[in-house]
Each structure stands twice: as C-alpha cells, then as structure tokens.
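Note sheet for the following structure.
The values are calculated or read from the model by the stated rules, or taken from the named source; none is laboratory data. Nothing here was measured: the structure is a model prediction, and the numbers come from that model. Cβ atoms come from the backbone with ideal geometry, glycine included; neighbour counts cover every protein chain shown.
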Amino acid sequence: MNSSEETVLLLVSFIVLTLIVTLTAYVCSNNIPRTIPSVPGGATHSNNNHTIITVETPEPRLDHTSVRSYPSLQFSKAKLCSSNSNSSSSSCSICLMDYKECDSLRVLPACAHFFHVKCVDPWLRINLTCPVCRTPIALPDICKNL
C-alpha cells in the first residue's frame, strides 16, 4: 500500500467514524424523554413531542383601594419631610427617574421611603415589603377590618 492509498483510507475512516458518532449522539438525544420541572402553582401537560406549561399568576395581596390608602404627596412636600428622615433620594428607586416638583409620591410609613405612585402601586399589590429595604409594610387600616 502506498502513501496516497493510506491517506485516502485514513480520510475515509475518519469520515465514517465522525458520521457514526454524530448519528449515535442524534439518536440518543431524541430517545431521552424531555422532562420539564414542575412549575409552582402551574400545570404541565404533554402531548406527543409538544409540552404545554400553564402558569398561574399570584393573587394580588392588596387591592387597589388598600394600596391607595397609603399616604401620597407631591415631591415638593416630600422634600420638606425628607429633611427630617434618612430617605432623601431625589430619584425613584424603581424607575430610576428623577422626581419632578409636580410628581405624586407614595410614602411607606414603616421605613419612610417614597416612590412614584405609578411605580410603587403595582409593587404593593403583590409584595408586602418596601422595594428598597424590604421592611414589611404595615397593612392599612382598611385591611385590618376584613
């Protein structure tokens, strides 16, 4: 056998080996059942090769009326109040926008942090903590009577 025949034989052997490995990997990967971890509060349905996951959104913790019962004030007044507290930020920690004089801010009584009303109200409907310091917020009186 001469050098060129050995080179051709080596090349053909390499190609055949590569095809065998690739085909084996493909077959093995398609035979492994694909399982998806269960979703908390949701359900997983499988039909043939299609998996459908349904996720339930968490129930809001506070309704719109309860959230609105927390104090709100204009930024111009909040500046005066913040001079006596540790919360003297000039921007909303949620949207990172600077406060304007006419902006309406919601104050969390437990920690005295304040935020744009439009930013913090959706947060308060789902979470019962301050977005900055995670201090538990006191439930408004309207919720305590329920």
May I ask you to list the residues in the stretch 88-109 that are within 26 Å of the chain's Cα centre (by Cα), surrounded by fewer than 11 Cβ atoms within 10 Å (Cβ to Cβ) and modelled with pLDDT under 90? 90
Residue under question is residue 7, and the condition is that it be modelled with pLDDT of 80 or more, under 30 Å from residue 127 (Cα atoms) and surrounded by 10 or more Cβ atoms within 10 Å (Cβ to Cβ); does it hold? no
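Taking the stated definitions as given, is residue 77 at pLDDT below 85 and either of a type in the set (S, T, N, Q) or out of contact with any His (no Cβ under 9 Å at 6 or more places or on another chain) (or both)?
Working: at pLDDT below 85: yes; either of a type in the set (S, T, N, Q) or out of contact with any His (no Cβ under 9 Å at 6 or more places or on another chain) (or both): yes.
When the stated conditions are applied, residue 77 passes them.
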Please give the number of the condition residue 85 fails out of (1) loosely packed, with under 10 Cβ neighbours inside 10 Å; (2) at pLDDT below 65. (1)
